[in-house]
Amino acid sequence: MTWTPAEPPWAVPPRAQIADLHWLAYADATESTSRIAAGVVAAVAWARGGQQAPVSGRTDQPVTRALAEMELWGARAATSPDSPIPIDALRDDLGVDYCPPRELDPQRAAGTVAALSWLLGKTTSPPMPLPARRPDGQLLETQELVDAAMAAEPYKTWGPEERHAARNDARATVERSRRLIARIASVQERVRRSG
């Protein structure tokens, strides 16, 4: 990544999560040659202003929500070529011309669908596990995760066993988050060295 990424104002997830996804997907795409991760990287890089659209090849910048919606439809078409796309309705609703998808590997297209769906807020699950962070970007601590779990289920009986299980889950999440942060730092260093 050799440009300064811009954060799309229409994106639903917090900036830190978008950046985390970008780095982690880049790591997977370059280290394991995952085609799904390559699709995620392409979608996030495009949304952040770093390259052409991953499916249509559009070069319009900055990427608007309407362009992202249309690209999502193109990615869906690439994953399911036999499914009809409501091109005229989309053009009218979004005010953007439809560009048919280029020849694209279905797994790469699936990664693009997952990333754009998450960025647009159509799903709350990111395309891959991300570090658990506060809105300010800092990692969540164990007690914060336990408190959040208990707040999410206020009518549940939180006896000693349930609290213990919640604490164990929270500890595992914190540890996983630390490993993911270390992986991000590693790939950032690799990119800096290759310069």
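Quick look at the numbers
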item: Inter-part distance where the range 1-40 and the range 63-79 are each reduced to a Cα centre, Å; result: 17
item: C-alpha long axis of helix 65-79 to longest principal axis of the chain, angle in °; result: 80
item: Efficiency of FRET from Cβ geometry, Thr64 and Gln138, R₀ 30 Å, rounded to 0.05; result: 0.50
item: Pairwise FRET efficiency - Ser186 versus Thr123, Cβ, R0 = 25 Å, nearest 0.05; result: 0.35
item: Choice from Glu144, Glu69, Glu175 showing the highest fluctuation, given a GNM over the chain with Cα pairs closer than 10 Å; result: Glu144
item: Dipole magnitude of the chain, debye to nearest 20 (Cβ charges: Lys/Arg +1, Asp/Glu -1, about Cα centre); result: 640
item: Residues in the range 7-46 that a label on Arg193 would reach, taking backbone N under 17 Å of a point 7 Å out along Cα→Cβ; result: 27-28, 30-32
item: Which of Ile184, Met150, Ala78, positive extreme of dipole for the chain (C-beta unit charges); result: Ile184
item: In order through the range 103-117: 3J(HN,Hα) via Karplus (6.51 cos²θ - 1.76 cosθ + 1.60), integer Hz, x for Gly, Pro; result: 4, 9, 4, x, 5, 4, 4, 5, x, 5, 4, 4, 5, 5, 4
item: Calculated [θ] (222 nm, deg cm²/dmol) that DSSP helices of n ≥ 4 give over the chain, each run adding -39,500 (n - 2.57); result: -19000 deg cm²/dmol
item: Geometric extent, Cα atoms of the range 66-144 - Rg, Dmax (angstrom); result: 16.1, 51
item: Sorted peptide list for 3-14, 23-34, criterion being average Cβ within 10 angstrom, highest first; result: 23-34, 3-14
item: For the range 113-195, size of Cβ-based charge dipole, Lys and Arg +1, Asp and Glu -1, in debye; result: 560
item: Compactness relative to 2.2 N^0.38 Å, alpha carbon Rg of the range 22-166; result: 1.30
item: GNM top mover of Thr79, Thr157, Thr124 - the chain, alpha-carbon springs below 10 Å; result: Thr157
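Values quoted throughout were computed directly from the atomic coordinates according to the rules given, and no laboratory measurement underlies them. All values reported here derive from a predicted model rather than from experimental measurement. FYI the Cβ positions are ideal-geometry reconstructions off the backbone, even for glycines, and counts take in every protein chain you see.
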